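Trainee: Here you go, one structure.
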Amino acid sequence: MTEPRVPRLTVDIVSDVMCPWCIIGWLKFERVMAHFAGRLDFRVQWHPFELNPDMPPEGEDAAAHVMRKYGISADQSRANSGRMAGIAAELGFIFNRGPDFRMRNSFDAHRLLTWAGALEDPEQEAATGVQTALKLALFRAHFTDNRDVGDPEVLADVAASAGLDRTRAAAILASGEFGEMVRTEEAYWADQNITGVPAFILAGRMLIPGAQDPEAFIRVIENKVLASAG
């Protein structure tokens, strides 16, 4: 007798490299996937969203940016950053925001992520592939290593660290390749009323917004996915 097939669950994640809650949300979702190991066959794909599409190439001081954008004080900004850093640390990720930490333009990072996603095999056995490896490497480069992930040389190095061809990455960055695809995807998700990130879409139809705790995902998957599959 053959083993019964494990149901497959597609997970589309709309996200920006500049978004601290996006890496926190992902680390929480990894625990969801571990919880359902052997019961669900996950397939993860990342999609572009720019929190600051008009960010100039030189970026902006992160603290000043947050205070201006959200109308909060320096003390409030520091408190919020400390809270996020504490949550991330509990999940095994280090936020290392020094005094020179800046928000960056993420459009070119999204072009590389779109390229990486196109390289993946839809029938791959693993839940994640090179696109997720690149996404996590970009999060680390920005939040932990304080590197300029808007800089083409940095981006090419990060791509290589994730197992991608550095020469090909540099050629993409030197051209407009994958730019139209990024814009098309951004417009699509905007049409789906995705106005903030992270946004997790399960099975193409169930939206779970924000960096929610694993229990929120587990309830939805148990009641909406596994119940119907059984």
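The values are calculated or read from the model by the stated rules, or taken from the named source; none is laboratory data. From a predicted model like this one, the values you see are computed outputs, not experimental measurements. No Cβ is skipped: glycine too gets one built from the backbone with ideal geometry, and neighbour counts run over all protein chains shown. Ligands, DNA and RNA are stripped out before the accessible areas are found, and what is left, the full protein with its side chains, is counted by its heavy atoms. Shrake-Rupley method; radii C 1.70, N 1.55, O 1.52, S 1.80 Å.
Trainee: Residues to consider are GLN76, GLN45; find the one that is more than 21 Å from the chain's Cα centre (by Cα) and not aliphatic (A, V, I, L, M).
Mentor: GLN76
Trainee: Check LEU51, LEU27 and return the single one that is among the aliphatic types (A, V, I, L, M) and more than 30 Å from GLU180 (Cβ to Cβ).
Mentor: LEU27
Trainee: With respect to LEU164, determine if the residue is closer than 22 Å to ASN52 by Cα and either open to solvent by less than 40 Å² (accessible area, probe 1.4 Å) or modelled with pLDDT under 95 (or both).
Mentor: Taking the combined requirement at face value, the residue does not satisfy it.
Trainee: Take the conditions in contact with a His (Cβ under 6 Å, 6 or more places away or on another chain), under 26 Å from ASN146 (Cα atoms) and touching a residue at least 24 places away in the same chain (Cβ under 8 Å) and apply them to PRO53. Does it pass?
Mentor: No.
Trainee: How many of the residues making up the stretch 15-41 are closer than 14 Å to THR132 by Cβ, buried (at least 21 other Cβ atoms within 10 Å of the Cβ) and out of contact with any Asp or Glu (no Cβ under 8 Å at 6 or more places or on another chain)?
Mentor: Residues flagged as closer than 14 Å to THR132 by Cβ, buried (at least 21 other Cβ atoms within 10 Å of the Cβ) and out of contact with any Asp or Glu (no Cβ under 8 Å at 6 or more places or on another chain) within the stretch 15-41 amount to 6.
Trainee: May I pose another question? Search the stretch 49-85 for residues being in contact with a Ser or Thr (Cβ under 7 Å, 6 or more places away or on another chain) and at pLDDT 95 or above, and hand back the single one that is farthest from SER106 (Cα to Cα).
Mentor: Among residues in the stretch 49-85 that are in contact with a Ser or Thr (Cβ under 7 Å, 6 or more places away or on another chain) and at pLDDT 95 or above, the one farthest from SER106 (Cα to Cα) is PHE49.
Trainee: Farther than 25 Å from LYS28 by Cα and surrounded by fewer than 20 Cβ atoms within 10 Å (Cβ to Cβ) - does that describe any residue in the stretch 106-115?
Mentor: Checking the stretch 106-115: at least one residue is farther than 25 Å from LYS28 by Cα and surrounded by fewer than 20 Cβ atoms within 10 Å (Cβ to Cβ).
Trainee: Looking only at the stretch 117-133, how many residues end up being under 21 Å from ASP41 (Cβ atoms), aliphatic (A, V, I, L, M) and modelled with pLDDT of 95 or more?
Mentor: 3
Trainee: Go through (1) aliphatic (A, V, I, L, M); (2) touching a helix residue (DSSP H, G or I) at 6+ places or on another chain (Cβ under 8 Å); (3) outside any strand (DSSP E or B) and name the single condition LEU9 misses.
Mentor: Of the numbered conditions (1) aliphatic (A, V, I, L, M); (2) touching a helix residue (DSSP H, G or I) at 6+ places or on another chain (Cβ under 8 Å); (3) outside any strand (DSSP E or B), the odd one out for LEU9 is (3).
Trainee: Let me ask something else. Is it true that some residue in the stretch 12-35 is more than 19 Å from ALA216 (Cβ to Cβ), modelled with pLDDT of 95 or more, β-branched (Val, Ile, Thr) and within 21 Å of the chain's Cα centre (by Cα)?
Mentor: yes
Trainee: Which one is nearest to PRO56 (Cα to Cα) among residues in the stretch 82-105 that are surrounded by 14 or more Cβ atoms within 10 Å (Cβ to Cβ) and free of Cβ contacts under 8 Å to residues at least 60 places away in the same chain?
Mentor: ASN105
Trainee: May I ask you to say which residue of ASP145, ASP121, ASP165, ASP157 is in contact (Cβ under 8 Å) with a residue 24 or more places away in the chain, acidic (Asp, Glu) and on the phi < 0 side of the Ramachandran plot?
Mentor: Going through ASP145, ASP121, ASP165, ASP157 in turn, the sole match is ASP145.
Trainee: Which of the residues that make up the stretch 90-99 are within 25 Å of VAL14 (Cβ to Cβ) and at pLDDT 90 or above?
Mentor: Residues satisfying the conditions are GLU90, LEU91, GLY92, PHE93, ILE94, PHE95.
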